[in-house]
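The values are calculated or read from the model by the stated rules, or taken from the named source; none is laboratory data. As the structure is a prediction and not an experimental result, all values here were calculated from the model. Cβ placement follows ideal geometry from the backbone for every residue including glycine, while neighbour counts extend to all protein chains displayed. Side chains included, ligands, DNA and RNA excluded: accessible areas come from the protein's heavy atoms. Shrake-Rupley method; radii C 1.70, N 1.55, O 1.52, S 1.80 Å.
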Amino acid sequence: QCAVYNDKNERLQGNVIINVNGVNSLINASTFKNSKANQGGAVYVDGVHTTISNSNFTDISSENYGGAIFVAGSETNISESNFLRCNVAKYHGGAIYIAGENTNIENSNFTLCKALNNKVETLGGAIAIENGPNTLIKSSNFVECDAVDGGCVYLRRCHQRFAVHLLDLHVGHQPVAL
C-alpha cells in the first residue's frame, strides 16, 4: 500500500513505479495523484504476473502513451481500480496503454480520461490496445472519456492471433452494445 501525491519528476517511464523484468509484482490499495511521466504517468509494467488492485489514479498524465499505466509486460491484471482525469498529451491511452499480452482489466472505473491532441490522431480515451493479444476488459464503467477515435477503448493493429474480449461494459450508466 502506498500513496503518492504531486510527483512531477517527469521520468521517461513510470514516474512512480518501474516494474522492469519483475515477476509476481503487486500494487494493492494504493493512491496515485498528480503524477506525470513520458510513458505511463504512474506505472510502467514490463514484468510478468503483475497485479494492480484496489488502487486510485487521479490527475495522472503522460506525454506519449498510457496516461496512468503503460503495459509492456505479460500477465498483467488490473482490478477494482479507479481512474479519474487521467490523460495523455500526444498519442494513445488516456488511462492505460496496452502493448503486452494477456492483460485483464476488471471491475474498474474510468472517468474523464482523455487522449486529445489537436495535431495528431489520438486513440483510446480510457484504454488503447496496440499489439496486445489476449486482452480482457470486463465489468468496467466509462464516463465522459474522450479521444479522436475510440472515446472509451480503441483496438489497433489487430492480427489473427489477437483476441480481445469486452464483457459487461457500461458507458455513462448504459451497457455497451457491441
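Using Cα centres only, tell me the gap between the range 69-141 and the range 21-49 in whole Å.
Centre-to-centre distance over Cα atoms comes out at 13 Å.
If you take every residue apart from G151 with its C-beta less than 12 Å away from the C-beta of G151, what net charge results, scoring Lys and Arg +1 and Asp and Glu -1? Let's see the in-between values first.
Details: positive: K114; negative: E144, D146, D149.
Counting the neighbours of G151, the net charge comes to -2.
For E121, project a label point 7 Å along Cα to C-beta. Then give me every residue of the range 46-89 with its amide nitrogen under 19 Å of that point.
64-66, 88-89
Subtracting the Cα-Cα distance from 0.36 nm times the residue separation, let me have the gained length for N34 to D168 in nm, one decimal. Mind dumping the intermediate values first?
Details: separation 134, 0.36 × 134 = 48.24 nm, distance 3.00 nm.
Using 0.36 nm per residue and subtracting the Cα-Cα distance, I get 45.2 nm.
How much accessible area per residue does the range 53-156 have, counting only protein heavy atoms and a probe of 1.4 Å, in square angstrom?
Details: 3500 Å² over 104 residues.
About 34 Å² of surface per residue is accessible.
Would you kindly state how much longer the chain becomes between L136 and N54 on full extension, computed as 0.36 nm times their sequence separation minus their alpha carbon distance, in nm to one decimal?
Details: separation 82, 0.36 × 82 = 29.52 nm, distance 1.78 nm.
27.7 nm is the gain from fully extending L136 to N54.
Packing-wise, with mean Cβ within 10 Å as the measure, how do 24-35, 105-116, 131-142 rank, highest first? Let's see the in-between values first.
On the way: 24-35: 17.9, 105-116: 22.6, 131-142: 19.4.
Ranked from most to least packed, the peptides come out as 105-116, 131-142, 24-35.
Taking 0.36 nm per residue of sequence separation and subtracting the Cα-Cα distance, how much length would be gained by fully extending the chain between E80 and N104, in nm to one decimal?
Taking 0.36 nm per residue and subtracting the Cα distance, the gain is 7.5 nm.
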